[in-house]
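Enquirer: There's a structure below that I have some questions on.
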Amino acid sequence: MNKQHILVVEDEKNIRSFLKTVLTSNGYAVLTAETGEEAVTLLSSHCPDLVLLDLGLPDTDGQVFIQAVRRWSRVPIVVVSARTHERDKVLALDRGADDYITKPFGTPELLARVRTALRHAEQRAAGSTPSRYRCQGLQVDCDKRQVLLDGVPVHLTQNEYKIVSLLARYAGKVLTYDQIIQHVWGPNAAGDNRILRVNMANIRRKLEGSPAQPKYLFTEIGVGYRMAESEL
């Protein structure tokens, strides 16, 4: 089986070495770049399966790098950055990043996000998204338009179902408020998060035993929502 290749774009030597060690020990082949220019060269010549990107590069801003790469490549990009401001996260995701991890981070979280981004890329390349979701008693069947909790059908409104099915199809990936709103209500509704928050509150009351301690639906504060990984 061929190893999946990951390009680590990070100018700090210690972090770059740490990421390479973790990824290599978990079966990935790793390329490294210290600058945006070097990263673009490696992207073009080696066509890696995923990019781990620090935003603070010495020769360019990572946000600009994402925007430039997205003009010609759909390679999954997972941002690994010390920038914690919500605006940075939303901008990176809206410009085409697949995920955003804030430093410091745990190794299990990093590997989980990498697996999720790679899986979604494979599904996209195959022209399909999963139609079924299962996690800790919650089941979503997009073909049957059915949501079950511990085997019991859950009644959702049309918009609530659209939100749940969208998050289920992209389980493990954070979707921004605007991405969800445009999918459910159309592009003209983008920017009004209030109606989305109301729907999410209703969904959580129906799905979560304790909305304050969610099992399925997680809030990325100021950014969007993420559904727990599917067990399928």
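Enquirer: Report the antiparallel proportion of the DSSP beta bridges in segment 1-135 as a percent, rounded to a multiple of 5.
Expert: Beta bridges within segment 1-135, antiparallel portion: roughly 5 percent.
Enquirer: Let me ask something else about it. In the chain, what % of DSSP beta bridges are antiparallel (nearest 5)?
Expert: About 50 percent, rounded to the nearest 5.
Enquirer: Sticking with this one: How big is the charge dipole of segment 132-227 about its Cα centre, in debye rounded to the nearest 20, if each Lys and Arg gets +1 on its Cβ and each Asp and Glu gets -1 on its Cβ?
Expert: About 140 debye.
Enquirer: Sequence-distant or interchain residues sharing an amide H contact under 5 Å with L31, placed H: which?
Expert: The list, which skips near neighbours in sequence, is I6, L7, V8.
Enquirer: Please report S44, S73 as a ranked list, fewest other C-beta atoms within 10 angstrom at the top and most at the bottom.
Expert: Sorted ascending by nearby Cβ count, the order is S44, S73.
Enquirer: Tell me the label-point distance for the pair R74, A189, using the 7 Å Cα-to-Cβ offset, in nm and rounded to one decimal.
Expert: Output for this residue pair reads 2.6 nm.
Enquirer: Same structure again: If r is the Cβ-Cβ distance from R204 to E229 and R0 is 30 Å, what FRET efficiency results, to the nearest 0.05?
Expert: According to the calculation, E is roughly 0.95.
Enquirer: Same structure, new question: What is the distance, in nm, between label points placed 7 Å from the Cα along the Cα-to-Cβ direction at K162 and at K144?
Expert: With each label placed 7 Å out from Cα toward Cβ, I get 2.4 nm.
Enquirer: Shifting gears a bit: Provide, as a two-decimal number, the C-alpha radius of gyration of segment 132-227 over 2.2 N^0.38 Å, N being how many residues it has.
Expert: Here the Cα radius of gyration is 1.00 times the empirical estimate.
Enquirer: What's the FRET efficiency of S17 with D94 using the Cβ-Cβ distance as r and R₀ = 41 Å, to the nearest 0.05?
Expert: With R0 = 41 Å, the Cβ-Cβ based efficiency is 0.85.
Enquirer: Roughly speaking, what is the stretch gain from R115 to R197, that is 0.36 nm per residue apart minus the C-alpha to C-alpha distance, in nm to one decimal?
Expert: Value of the extension gain: 26.7 nm.
Enquirer: As I understand it, the dipole of the chain uses +1 on the Cβ of Lys and Arg and -1 on the Cβ of Asp and Glu, about the Cα centre. Which of G27, P104, M227 lies farthest toward its positive end?
Expert: Final value for the positive-end residue is M227.
Enquirer: Given segment 75-159, what percent of its DSSP beta bridges are antiparallel, to the nearest 5?
Expert: Antiparallel: roughly 70 percent of the beta bridges in segment 75-159.
Enquirer: To test your reading of the geometry: what angle, between 0 and 90 degrees and rounded to tens, separates the Cα axis of helix 36-46 from the longest principal axis of the chain?
Expert: Long axis of 36-46 versus the principal axis of the chain: about 80 degrees.
Enquirer: Can you tell me the 0 to 90 degree angle between the C-alpha axis of helix 13-25 and the longest principal axis of the chain, rounded to 10?
Expert: Its long axis makes an angle of about 60 degrees.
Enquirer: Let me ask something else about it. If R₀ is 22 angstrom, what is the calculated FRET efficiency for the pair T84 and R134, using the beta carbon separation as r and rounding to 0.05?
Expert: Efficiency at R0 = 22 Å is approximately 0.10.
Enquirer: Taking the Cα centre as origin and putting +1 on Lys and Arg beta-carbons and -1 on Asp and Glu beta-carbons, what dipole magnitude results for the chain, to the nearest 20 debye?
Expert: 780 debye
Enquirer: Another one. Going by how many other beta carbons lie within 10 Å of each one, how would you line up M200, M227, fewest first?
Expert: With the fewest neighbours first, M200, M227 line up as M200, M227.
Enquirer: Sticking with this structure for a sec: Please rank H155, H183, fewest neighbouring Cβ atoms within 10 Å first, as an exposure proxy.
Expert: Arranged by neighbour count, lowest to highest, H155, H183 become H155, H183.
Enquirer: From zero up to wherever the largest Cα-Cα distance of the chain sits, split into 5 Å bins and tell me the percent of pairs in each.
Expert: Spelled out per bin, shortest first, that is 1, 6, 14, 18, 18, 16, 12, 8, 5, 2, 0, 0.
Enquirer: Rg (Å, one decimal) plus Dmax (Å, integer) for the alpha carbons of segment 1-125?
Expert: 13.1, 40
Every read-out reported here was derived from the displayed coordinates using simple, explicitly stated rules and does not represent laboratory data. It should be emphasised that the depicted structure is a prediction, and the values quoted were computed from it without experimental measurement. When we count neighbours, we look across all protein chains shown, and the Cβ atoms used for this are built from the backbone with ideal geometry, even at glycine.
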